[in-house]
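Here the structure comes first, spelled out in structure tokens, and everything after it is commentary.
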Protein chains: 4
Amino acid sequence: MIIIMKPDASAAAIDHIVNFIRQNGLETHLSTGHEVTIIGVVGDKTALADKNLEIAEGVDRILPVTESYKLTNKKFHPEPTIVKVGNTSIGGNNLVIMSGPCAVESAEQVMETAVAIKKAGAQILRGGAYKPRTSPYSFQGMEEDGLRLMKEAREATGLPVVCEVTSQAAIDAAVKYVDMLQIGARNMQNFFLLKEAGKTKLPVLLKRGLSATIEEWLNAAEYILAEGNPNVVLCERGIRTFETATRNTLDLSAVPVIRSKSHLPIIVDPSHATGVRDYVKPLALAAVAAGADGLMIETHPHPEKALSDGPQSLTFPQFEELCNTLRPVAALMGKPLA
Amino acid sequence: MIIIMKPDASAAAIDHIVNFIRQNGLETHLSTGHEVTIIGVVGDKTALADKNLEIAEGVDRILPVTESYKLTNKKFHPEPTIVKVGNTSIGGNNLVIMSGPCAVESAEQVMETAVAIKKAGAQILRGGAYKPRTSPYSFQGMEEDGLRLMKEAREATGLPVVCEVTSQAAIDAAVKYVDMLQIGARNMQNFFLLKEAGKTKLPVLLKRGLSATIEEWLNAAEYILAEGNPNVVLCERGIRTFETATRNTLDLSAVPVIRSKSHLPIIVDPSHATGVRDYVKPLALAAVAAGADGLMIETHPHPEKALSDGPQSLTFPQFEELCNTLRPVAALMGKPLA
Amino acid sequence: MIIIMKPDASAAAIDHIVNFIRQNGLETHLSTGHEVTIIGVVGDKTALADKNLEIAEGVDRILPVTESYKLTNKKFHPEPTIVKVGNTSIGGNNLVIMSGPCAVESAEQVMETAVAIKKAGAQILRGGAYKPRTSPYSFQGMEEDGLRLMKEAREATGLPVVCEVTSQAAIDAAVKYVDMLQIGARNMQNFFLLKEAGKTKLPVLLKRGLSATIEEWLNAAEYILAEGNPNVVLCERGIRTFETATRNTLDLSAVPVIRSKSHLPIIVDPSHATGVRDYVKPLALAAVAAGADGLMIETHPHPEKALSDGPQSLTFPQFEELCNTLRPVAALMGKPLA
Amino acid sequence: MIIIMKPDASAAAIDHIVNFIRQNGLETHLSTGHEVTIIGVVGDKTALADKNLEIAEGVDRILPVTESYKLTNKKFHPEPTIVKVGNTSIGGNNLVIMSGPCAVESAEQVMETAVAIKKAGAQILRGGAYKPRTSPYSFQGMEEDGLRLMKEAREATGLPVVCEVTSQAAIDAAVKYVDMLQIGARNMQNFFLLKEAGKTKLPVLLKRGLSATIEEWLNAAEYILAEGNPNVVLCERGIRTFETATRNTLDLSAVPVIRSKSHLPIIVDPSHATGVRDYVKPLALAAVAAGADGLMIETHPHPEKALSDGPQSLTFPQFEELCNTLRPVAALMGKPLA
């Protein structure tokens, strides 16, 4: 931690800060420059948490030097984490594709989708049973009935399933049916939910919030890991910007940035990011080339009849064609699609 | 709803859309232009919800004409709503100031604050007992003990109290102690929580999400009203932009925009928006001049010792001075401070 | 300047940096912490400009301590600057209102406007003769003919005039006719234009770029001051965000932020920021309450016939009513409207 | 164009609009719905430009149906444009790599770079002679001397050269030396400069503005094409968001979006977008996989000594390794690197 004093800070003010820090058991290093004095703080900074030094007399600003996230930080855990989900794993030398409908609608829809995506090359089935929708008048999901249909599809195809949870009640239900919990973008800083998801010890897919910085995202993951659950996979799904040609702006820089700051796997969801079917394939290819560990791709037997996000869903032939196009690129990147 | 066809849409594609709409019980009006054909849809559009017409053959895009929020919409409820909270009310011809610490820390802190802010001119006591914090290692709040301290302060001073809730458990506890529930920015689209807050029938203070559009904010309020709870007060608290000189960018345009689109009261929180104590007063004045129904201002007996957000908290003398400066401006705006 | 080393930086790497800095004539202070080593640099940092220390071995990142803008910085020039424009001045104990049409269209329009706004209370006439328009097919301005009409209006009414310049040719023409040059938002980082405007020694109104940070804005002003021209007035006119209910998001926090970081006057343009006539008045009031030195308000004799930005222009009666409403608020803020 | 009337618009107001439109020579189609009336306008909308119908009585809002850009629009020019630059071409079945230093610094630097990048696989040499810099105290470029060095490097290696221009004077000089003009992000809406660049008939590389929408970018290109110059190549280089882990947020969605809306070629600059050397390679790969026609990559013989943007520059061995890694991906995408 570095404390930058104001140009006109008095010697008494500087002394006061230095003494305060020492009384809290830390050491200081003073740099007295032409314009300003800088106080470097050495030691365990948690002793100064919530001391609000920012408003002490003479202080201009305080710069943190180390990251607040520890368990998710690559500095303290250099080896990449591999998260096992059912009979597949994410974060190793393979590309994992999760696919399925935005919302679970019927037994036929889910079963038909599971069979088709497995055949094309997907390893995990996705499907929403609890749908966070902007308007209360939009379809809100089949809830536990939807989870049950997902489980049946797993039993029939062997594909592990991932479902979003939006409340304690949803978690309580989901643990009976699914292989992986998803925390959606709108709940990325629902810290209560993060803790409860952590307690289940199930793998958790944590989507980036619409306006979350990468640092906040890693801090959100830290909530899950701090509950003793190391099985977290991050998912970039677009951030909110001024651009309106796409629903959100897919931030593919997040892939190398996460790679340099954390040991957790990262996958990319081009379907929700763009909201436009025609843009899914080029951005899926780009995500794999950027080094992502996997993809989440929306598919639907009849997108024009989907109750949610149909315009971004691929048909089964489109999905199969996508997988075939991805295959050689994934192989080149050292992460072949099984 | 308006459907814009692609320039090369075939006559068959246009017929298909028109027939589909009519089969769903709505009427169409066709405008055939030089470049494109436009289909106007007349009737109850909920019959077309989730039909995904966007991806039907020949369709370029679909433009909604009417807002998805109804109960919060001024068009259908032109009279301003006045929300009663304890012995005060928000949305009428008076300015309401909510004040208190970011986080409840002790009985003395809360009681001392309640007495001081009441004397200076505030009508409602705020204080957080459940704190959503970016890092799991920051102070997370006193929870139910904190709510109890807030209630004691109300009993001693008569000031109604507002506390943030972050989960079902927090709501279950809060209804026993507080006069108004707060849904924070990070939970603005926690739709589960919105519904549960709606069911309590307590007044709800709904903060705008960090990256929420005004339309999404009104849709979030719609979730509460749709549960039969009309007592919603909106709170602008800054949105996320590229600017880093302030913690967020206070969007004061939201005051007249909400005024033109909704009947709900709107207050402004310059403390969280800026994160800097020196900017609170000019922006509080600006909010009142823009026509806000109230303010939320953080105060603390000893900001430098606050466990949360000390740098933006006012001392009691600073708060008193702020109220005195606000008084004549509020009177000029036709919303005097009691 | 502070250099933060990587956790695994070798002693040799640290020595290398320290020696390099000393060879450039500066001093260093080392803080060796549990996790990282920090090197404080003391002395004239321009000696290290463009040395790209960021990529030296072992360096994690470099934090600047002092601002790059000097002439515009309040730290080195604590007294507020007052800019004289014709017979009025901006930045003192008075509120200055600039008003007029977005674009100069005819002699009648300009003259009629000048007379009306002067009567209502404005001190400066604005009017665009060179219009930067998103599409090449929109009206591009009357150019030098427009400047001439502005000058005639000044001669008739005594109001000084401000016009936007967009090129060297426009500056060469404008110096013959106007009292103040305006650099628009789209040209805020047209550094060539900033230098040329600086050389004229005319007062310059510098609008904030659509996505400019306050620090970049002050650096842009620095370009003008560095040419020996201290007569710069800043104008906040909205920044680009995800919100679409207003054309841009007016950042009124900029008023106190600029006040704390610079000695230059700051005015606010709610017309361009919102793009909606009904929102101009509440935000004009808010700007004055936030402490702005002035306002820029678009007016037009017949907004529905304006060739540019009619929807945000006030009619003359609306403008007069606005001035009358502003008057007591301006007086309360210690900046009465003459 | 579609005009949406307010719910309470009177029959007289609707008649007034309809008559006004007809008087301007266009046709109307009325859709009278439950809540609102919609007026579709058919015919040449330029007749209504600048009529400010938005503020006519009873009008709620106006929605454009067709894009304002015409010459750059794929609808009216479905075949992809191929831009010839020296002996190479951009937009066909090949990947083009432009590389070189951010700023021209010396004859040795430019010559050494030209030789090295040509050997590795680049087709075009880039180098800045006029540098737009945030601070007036940063290196501003070698100007015409720099252009001369670029030309010498072309003569020695045969690589065509591209240089940024920032003013009329810079264009006048550049046409004597370079093969392609670059308009930088900060000048994307310097409409004067766009027109002048258009008049030269040289190929123009148009970078996207930091906060420009794709629609504005295409309108900026329209300025160049409207001068009779069809040789425009677009360059995505990152937009400004709240994320601070990278300098800007590279918007790779722009590649398929541009592909669907325009016939112009698009290349990607991951160096300026990220500002971090380690992120250049993954994002260069991603850009190629997304379908980009080319890349702009900064290289420098000694990045640690670069006078501008050293931290993002690749060394020659790094660049060679990048080209080798790109080669098979480019081949897979049907755009082999020569």
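The values are calculated or read from the model by the stated rules, or taken from the named source; none is laboratory data. Nothing here was measured: the structure is a model prediction, and the numbers come from that model. All Cβ positions, glycine included, derive from the backbone under ideal geometry; neighbour counts span all protein chains shown.
Among the residues of segment C:274-292, is any more than 14 Å from chain B (Cβ to nearest Cβ) and touching a residue at least 12 places away in the same chain (Cβ under 8 Å)?
The initial filter retains those residues of segment C:274-292 that are more than 14 Å from chain B (Cβ to nearest Cβ), namely none.
No, segment C:274-292 contains no residue that is more than 14 Å from chain B (Cβ to nearest Cβ) and touching a residue at least 12 places away in the same chain (Cβ under 8 Å).
Give segment C:18-44 a look and list any residue that's buried (at least 17 other Cβ atoms within 10 Å of the Cβ), part of a helix (DSSP H, G or I) and more than 39 Å from the chain's Cα centre (by Cα), or say none. Before you say what the answer is, go through the steps one by one.
Residues of segment C:18-44 buried (at least 17 other Cβ atoms within 10 Å of the Cβ): C:18, C:21, C:26, C:28-29, C:31, C:33, C:36-43.
Now restrict to residues that are part of a helix (DSSP H, G or I): C:18, C:21.
The answer is C:V18, and nothing else.
Just the residues that are under 30 Å from B:G209 (Cα atoms) and hydroxyl-bearing (S, T, Y), please, taken from segment A:148-166.
A:T166
Is segment A:295-314 home to any residue that is buried (at least 24 other Cβ atoms within 10 Å of the Cβ) and of a type in the set (D, E)?
yes
A:I14 fails exactly one of the following numbered conditions: (1) more than 39 Å from the chain's Cα centre (by Cα); (2) within 14 Å of chain B (Cβ to nearest Cβ). What is the number of that condition?
The one condition A:I14 does not meet is (2).
For segment B:145-166, which positions are among the charged types (D, E, K, R) and within 14 Å of another protein chain (Cβ to nearest Cβ)?
Result: B:E164, single match.
Of (1) on the phi > 0 side of the Ramachandran plot; (2) surrounded by fewer than 20 Cβ atoms within 10 Å (Cβ to Cβ), C:G141 satisfies all except one. Which?
(2)
Residues of segment A:194-206 being in contact with a Phe, Trp or Tyr (Cβ under 9 Å, 6 or more places away or on another chain) and either surrounded by 23 or more Cβ atoms within 10 Å (Cβ to Cβ) or part of a loop (DSSP other than H, G, I, E, B) (or both), which ones? It would help to see each step written out before you state the result.
The initial filter retains those residues of segment A:194-206 that are in contact with a Phe, Trp or Tyr (Cβ under 9 Å, 6 or more places away or on another chain), namely A:194-195, A:197-198, A:206.
Matches in segment A:194-206: A:L194, A:A197, A:G198, A:L206.
Could you check how many residues of segment C:222-245 are in contact with a Phe, Trp or Tyr (Cβ under 7 Å, 6 or more places away or on another chain) and away from every other protein chain (no Cβ under 12 Å)?
1
Which ones in segment C:325-338 are surrounded by fewer than 21 Cβ atoms within 10 Å (Cβ to Cβ), small (G, A, S) and within 23 Å of the chain's Cα centre (by Cα)?
C:G334
Select, from A:N219, A:N190, the only residue that is over 12 Å from the mean Cα position of the chain (by Cα) and at the interface with chain B (Cβ under 9 Å from one of its Cβ atoms).
Within the list A:N219, A:N190, the selection yields A:N190.
Starting from residues that are facing chain B (nearest Cβ under 10 Å) and part of a loop (DSSP other than H, G, I, E, B), keep the ones in segment A:167-186 and report whichever is farthest from A:A212 (Cα to Cα). I'd like the intermediate steps shown before the answer.
Residues of segment A:167-186 facing chain B (nearest Cβ under 10 Å): A:167-170, A:184-186.
Okay, now just the ones that are also part of a loop (DSSP other than H, G, I, E, B), so A:167, A:184.
Numbers: A:S167: 20, A:G184: 12 Å.
Applying the filter and picking the extreme gives A:S167.
Can you pull out the residues in segment C:123-137 that are over 25 Å from C:F319 (Cβ atoms) and hydroxyl-bearing (S, T, Y)? Talk me through it step by step, then tell me what you get.
Narrowing segment C:123-137 to residues over 25 Å from C:F319 (Cβ atoms): C:134-137.
C:T134, C:S135, C:Y137 - these are the residues of segment C:123-137 that are over 25 Å from C:F319 (Cβ atoms) and hydroxyl-bearing (S, T, Y).
I need the full set of residues from segment B:285-324 which are in contact with a strand residue (DSSP E or B) (Cβ under 7 Å, 6 or more places away or on another chain) and of a type in the set (A, V, I, L, M), in order please.
Correct list: B:A287, B:V288, B:A292, B:L295, B:M296, B:I297, B:L307, B:L314, B:L322.
Take the conditions of a type outside the set (S, T, N, Q) and in contact (Cβ under 8 Å) with a residue 24 or more places away in the chain and apply them to C:L63. Does it pass?
Working: of a type outside the set (S, T, N, Q): yes; in contact (Cβ under 8 Å) with a residue 24 or more places away in the chain: yes.
Considered against the rule, which asks whether it is of a type outside the set (S, T, N, Q) and in contact (Cβ under 8 Å) with a residue 24 or more places away in the chain, C:L63 comes out as yes.
Select, from C:L307, C:L322, the only residue that is over 23 Å from the mean Cα position of the chain (by Cα), within 14 Å of chain D (Cβ to nearest Cβ) and either over 25 Å from B:A254 (Cβ atoms) or modelled with pLDDT of 95 or more (or both). Working first, answer last.
Numbers: C:L322 fails: within 14 Å of chain D (Cβ to nearest Cβ).
None of the other options fit; the residue is C:L307.
Let me spell it out: the conditions are (1) under 17 Å from C:A287 (Cα atoms); (2) crowded, with 23+ Cβ neighbours inside 10 Å; (3) more than 9 Å from chain D (Cβ to nearest Cβ), and C:R259 meets all of them except one. Which number is the exception?
C:R259 satisfies all of (1) under 17 Å from C:A287 (Cα atoms); (2) crowded, with 23+ Cβ neighbours inside 10 Å; (3) more than 9 Å from chain D (Cβ to nearest Cβ) except (2).
If we scan segment C:245-254, do we find a residue that is of a type in the set (G, A, S) and touching a Gly at 6+ places or on another chain (Cβ under 9 Å)?
The answer is yes, given that some residue of segment C:245-254 is of a type in the set (G, A, S) and touching a Gly at 6+ places or on another chain (Cβ under 9 Å).
Just the residues that are farther than 30 Å from D:P64 by Cβ and among the polar types (S, T, N, Q), please, taken from segment B:56-106.
Scanning segment B:56-106 gives B:T81, B:N87, B:T88, B:S89, B:N93, B:N94, B:S99, B:S106.
Take the conditions out of contact with any helix residue (DSSP H, G or I) (no Cβ under 8 Å at 6 or more places or on another chain) and either under 28 Å from A:H300 (Cα atoms) or of a type outside the set (F, W, Y) (or both) and apply them to B:I62. Does it pass?
Working: out of contact with any helix residue (DSSP H, G or I) (no Cβ under 8 Å at 6 or more places or on another chain): no; either under 28 Å from A:H300 (Cα atoms) or of a type outside the set (F, W, Y) (or both): yes.
Against the criterion (out of contact with any helix residue (DSSP H, G or I) (no Cβ under 8 Å at 6 or more places or on another chain) and either under 28 Å from A:H300 (Cα atoms) or of a type outside the set (F, W, Y) (or both)), B:I62 does not qualify.
What is the one condition in (1) surrounded by fewer than 24 Cβ atoms within 10 Å (Cβ to Cβ); (2) in contact (Cβ under 8 Å) with a residue 60 or more places away in the chain; (3) farther than 19 Å from D:S99 by Cβ that D:A245 does not satisfy?
For D:A245, the failing item is (2).
How many of the residues in segment A:138-150 are of a type in the set (G, A, S), at pLDDT 90 or above and over 22 Å from A:F316 (Cβ atoms)?
1
Cβ-Cβ below 9 Å, separation at least six or inter-chain, first residue in segment B:154-169 and over 19 Å from B:E298 (Cα atoms), second β-branched (V, I, T) and modelled with pLDDT of 95 or more: which pairs?
Every condition considered, the pairs that remain are B:A156/B:V115; B:T166/B:I183.
Strands (runs of 3 or more DSSP E) wholly in segment A:45-132 with at least 1 residues that are surrounded by 21 or more Cβ atoms within 10 Å (Cβ to Cβ) and more than 11 Å from every other protein chain (Cβ to nearest Cβ) - which ones?
A:83-85, A:88-90, A:96-100, A:124-126
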